[in-house]
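The values are calculated or read from the model by the stated rules, or taken from the named source; none is laboratory data. Computed from a predicted structure; not experimentally measured. We place every Cβ from the backbone using ideal geometry, glycine too, and count neighbours over all the protein chains shown.
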Amino acid sequence: MPGTHATIQAAADDPACTELQLGAQLFLESVAFRRPLVVTGRGPASTVVRGLLRATAGGGVLLADLRIESGCDPVLQAVDGGHLEGTGIEAARDSILACPDLVLAADGFETGDMSRWAFHLPL
């Protein structure tokens, strides 16, 4: 990667990929790992993923030699039985960066139905 897949997520979703070799570049994406994988970069100074990395049910992921930057806390997440391990990893939370899981107002926003909102702003 890059090469056979356009994104890390595309490679992570491809059952034929068991090991992802990330190039020396900045990757601007969040990735959900749903199966066992090995993800290797070219060192934290060279391979940077700017986004949230999450292992979900079925995802046992070994990360090596890369840097992860995100506005999320935590930067790496293992949920629903997912598992993350790492070696040679730098993880940094930066409040300036976006967090894809940070939703201030959803449920009904598009329709105008505020009954499910957790907050209301005074007018």
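Couple of notes before you dig in:
- Of all residues in the range 27-54, those satisfying the criterion of being in a loop (DSSP other than H, G, I, E, B) and more than 13 Å from the chain's Cα centre (by Cα) are R35, P36, G41, R42, G43, P44, A45, S46, T47.
- T87 being among the β-branched types (V, I, T) and at pLDDT below 75: no
- Hey, G3 assigned to a loop (DSSP other than H, G, I, E, B) and either within 14 Å of the chain's Cα centre (by Cα) or modelled with pLDDT of 95 or more (or both) or not: no
- Residue among A24, A118, A57, A105 that is hydrophobic (A, V, I, L, M, F, W, C), at pLDDT 95 or above and not in a strand (DSSP E or B): A24
- Scope the range 1-38; condition touching a residue at least 40 places away in the same chain (Cβ under 8 Å) and out of contact with any helix residue (DSSP H, G or I) (no Cβ under 9 Å at 6 or more places or on another chain); matching residues: I8
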